[in-house]
Amino acid sequence: MTLRLATRSSPLARWQAEHVAGLLHAAGTEAELVFVDTVGDRQVDRPIRELGGQGAFVKEVQAAVLDGRADVAVHSAKDLPSNPDLQAPGLVLAAVPPRGDPRDALVGRRLGALAPGAVVATGSSRRRAQLADLRPDLTFAELRGNIATRLGKVPAAGAVVVAAVALERLGLGAHVTEVLEAEVMLPQVGQGALAAECRAADEATRSVLAGLEHAPSRRAVDAERGYLASLGGGCELPAAAYATVAPTGHLRLRVLLATLDGRQVLRHEVEGGPGDDPTTLGLAAGQALLDAGGGWALLDGSAASVSPGA
């Protein structure tokens, strides 16, 4: 049995698909890659929010599976829409392999070494809002492109923000100036994790992909996606979530919602109990933040200024 893996053609996406192919090979199944260009790849001069948010990097890859050109779609989990209304009918998230580093990283200057007015480049509203909350004296610039392009756009005496795992996977870890712990910058939903989708009716492929499933990573991703789904806005809001295993052995979920300018940042934390459903935990965290934390007012006030949270 040879599975066809649909993937974007960027160097990082290739690495991810080849990694999944390697996991399949180790489990006794061969794979070949099917490359697909997405609207997010083609229109690198426009902010993600103008291209439809999260779906900008997955729709064409999913279409290749739905129309039979491929058997499996390989994504960065953070790119998958969490809102059920935006998910692709006919596909199922069949496997989340072991997660990589979920943290963000600075390339250029360390956060504490950035002078007032220094430029930080990022295309992410989540990163921008949290940095603006920490350092309201910084200046921000838009950033798009693949990892190599981003590394070439480090502002003088400034920094760019990228996913630490992206540099690690491409062998570019030496460029990292500072890794930002989750206590400093809460990661994007699903950051560092991979997601393998297949047709819901393809039982043979689902059975093979089940062998790649890493239960702790899946539980964390499901909880984080549940939180984002509770907001109803995909990655078009400055939102973040990070799930870990607490000392009790239960799932601990930290969530965040902010205005784009970082002037208002809401945080909430929940811990599940034995046997709690991760998605339900995420939905509950979102509801608590909206109801008790003032999130509804924040959403209403930021409706006109949304942008990707990736």
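The values are calculated or read from the model by the stated rules, or taken from the named source; none is laboratory data. As the structure is a computational prediction, the values presented were derived from the model and not from experiment. Heads up, the Cβs are rebuilt from the backbone with ideal geometry, glycines too, and the neighbour counts pull from every protein chain shown. The area values use the complete protein model at the heavy-atom level, side chains included, leaving out ligands, DNA and RNA. Shrake-Rupley method; radii C 1.70, N 1.55, O 1.52, S 1.80 Å.
Yes or no, residue by residue, for (1) closer than 23 Å to S124 by Cα; (2) surrounded by fewer than 16 Cβ atoms within 10 Å (Cβ to Cβ); (3) out of contact with any His (no Cβ under 9 Å at 6 or more places or on another chain); (4) modelled with pLDDT of 90 or more:
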site: L3; (1), (2), (3), (4): no, no, yes, yes
site: T7; (1), (2), (3), (4): yes, no, no, yes
site: Q54; (1), (2), (3), (4): yes, no, yes, no
site: A94; (1), (2), (3), (4): no, no, yes, yes
site: G100; (1), (2), (3), (4): yes, no, yes, yes
site: R103; (1), (2), (3), (4): yes, no, yes, yes
For residues that are open to solvent by less than 20 Å² (accessible area, probe 1.4 Å) and of a type in the set (A, V, I, L, M, F, W, C), scanning just the range 64-87, find the one that is nearest to E203 (Cα to Cα).
V72
Looking for something open to solvent by 20 Å² or more (accessible area, probe 1.4 Å) and hydrophobic (A, V, I, L, M, F, W, C) - is there at least one such residue anywhere in the range 214-224?
yes
Does the range 233-256 include one or more residues that are touching an Asp or Glu at 6+ places or on another chain (Cβ under 9 Å), of a type in the set (V, I, T) and open to solvent by less than 50 Å² (accessible area, probe 1.4 Å)?
yes
Can you list the helices (runs of 4 or more DSSP H) lying wholly within the range 185-304 that have 2 or more residues being within 16 Å of the chain's Cα centre (by Cα), among the small types (G, A, S) and modelled with pLDDT of 95 or more?
215-231
In the range 257-295, anything open to solvent by 50 Å² or more (accessible area, probe 1.4 Å) and of a type in the set (S, T, Y) is listed as T279, T280
Just give me the residues in the range 211-229 being in contact with a Pro (Cβ under 7 Å, 6 or more places away or on another chain) and either within 24 Å of L289 (Cβ to Cβ) or polar (S, T, N, Q) (or both), in sequence order.
S217, R219, D222, A223, G226, A229
How about the range 133-162: which of its residues are surrounded by fewer than 22 Cβ atoms within 10 Å (Cβ to Cβ) and within 20 Å of the chain's Cα centre (by Cα)?
E142, L143, R144, G145, N146, I147, A148, T149, R150, L151
